Amino acid sequence: MTHAPRQPSSQAQAQQLLLDILPGTMPSLDGFVPGANLAALEAVRLLGPGRAVYLWGGVGSGRSHLLRARAQGAGCHYLDARSPAQRLHALATDEDQSLSLVAVDDVADLNPAAQAALFALFNRWRTAAGTTGAFALLTAGDRAPLTMPLREDLRTRLGWDLVYRLEQLSDEDRAQALRDRAQQRGLQLSDEVLRWILTRCDRDMGRLTALIDTLDQYSLARHRPITLPLLKDLLAGTPAAPRNP
């Protein structure tokens, strides 16, 4: 007996919508909400060959957003503590590999092999500065360079050029950013929905703006206006019944 293929449930569809959109949204410098971090944003935007920037701040400060956004294009590489140390080592030692920018995130969590590779990369960066092989180096961590739990010679190298501390966005900045995002999509967020998002959801602005995009699509798919119950249904993966068009 042949059975018809099982259609995914509405709950599975809602969960997949979140999985598809939230983690995969490509960050951009234009999409970064600077708040008090305008100088850091401009330094990253203007970072050129032979220069280095180190960003530090807590979770949700936007450092990973900036590194991922800047490390796009030919010759650009983004790595973090989960990347194989061999990959970082290759960037540091393969002179035949043309580099434009290397971004290394979460440096506090690098294992000893990755720390040694980053040390070698700094040496290559310094040697290449002022030559046709010059490249930019962008690193980030959760604390100031000299307080990092790293080998001493690497700690000092993190502070060789520009260092910026990233301040957390104020609730007012975050709220305005979400209103702007909603307005771009032709949406109106009620104060109730906005307040719930700001107090209950991830503080990372990249994920919050992606949530607005997802909520817009979910609202259209369910033929329901954006309300707090609809938002809770989306996040819980238990969608409300669609309204007849």
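The values are calculated or read from the model by the stated rules, or taken from the named source; none is laboratory data. Since we're looking at a predicted model, the values are computed, not measured. Here the Cβ is made from the backbone with ideal geometry for all residues, glycine too, and neighbour counts use every protein chain on show. All accessible areas refer to the heavy atoms of the entire protein, side chains included, with ligands and DNA or RNA removed. Shrake-Rupley method; radii C 1.70, N 1.55, O 1.52, S 1.80 Å.
Run down Arg222, Arg155 and say which single residue is under 22 Å from Asp80 (Cα atoms), in contact with a helix residue (DSSP H, G or I) (Cβ under 9 Å, 6 or more places away or on another chain) and free of Cβ contacts under 8 Å to residues at least 40 places away in the same chain. Give the steps one after another, and end with the answer.
Values: Arg222 fails: under 22 Å from Asp80 (Cα atoms).
Within the list Arg222, Arg155, the selection yields Arg155.
If we scan segment 177-189, do we find a residue that is open to solvent by less than 10 Å² (accessible area, probe 1.4 Å) and of a type outside the set (Ser, Thr, Tyr)?
yes
Cβ contacts < 7 Å: first residue in contact (Cβ under 8 Å) with a residue 40 or more places away in the chain, restricted to segment 44-70; second residue part of a loop (DSSP other than H, G, I, E, B) and hydroxyl-bearing (Ser, Thr, Tyr), any location; separation 6+ or different chain. Result?
Matching pairs, first to second residue: Ala69/Ser28.
Which numbered condition in (1) at pLDDT 90 or above; (2) in a helix (DSSP H, G or I) is the only one that Arg181 fails?
Going through the list (1) at pLDDT 90 or above; (2) in a helix (DSSP H, G or I), Arg181 breaks only (1).
Could you tell me which residue of segment 94-107 is surrounded by the fewest Cβ atoms within 10 Å (Cβ to Cβ), considering only residues that are modelled with pLDDT of 95 or more and not charged (D, E, K, R)?
Residue satisfying both the conditions and the ranking: Ser100.
Specify the residue that is surrounded by the most Cβ atoms within 10 Å (Cβ to Cβ); the eligible residues are those in segment 212-229 that are outside any loop (DSSP other than H, G, I, E, B) and either modelled with pLDDT under 85 or not aliphatic (A, V, I, L, M) (or both).
Tyr218
Name the residue, out of Asp94, Asp30, Asp109, that is among the acidic types (Asp, Glu) and under 21 Å from Leu208 (Cα atoms).
Asp30
Select from segment 47-71 the residues that are surrounded by fewer than 17 Cβ atoms within 10 Å (Cβ to Cβ) and at pLDDT below 95 and list them in ascending order.
Gly58, Val59, listed by residue number.
Wholly within segment 28-100, which helices (runs of 4 or more DSSP H) include no fewer than the required count, namely at least 1 residues that are polar (S, T, N, Q)? Spell out the reasoning first.
Working: elements: 38-45, 63-70, 85-93.
It comes to 63-70, 85-93.
Output the number of residues of segment 144-172 satisfying the condition of being of a type outside the set (S, T, N, Q), exposed (fewer than 15 other Cβ atoms within 10 Å of the Cβ) and in a helix (DSSP H, G or I).
Looking only at that region, the number is 5.
Among the residues of segment 117-142, what is the count of those that are outside any loop (DSSP other than H, G, I, E, B) and over 25 Å from the mean Cα position of the chain (by Cα)?
6
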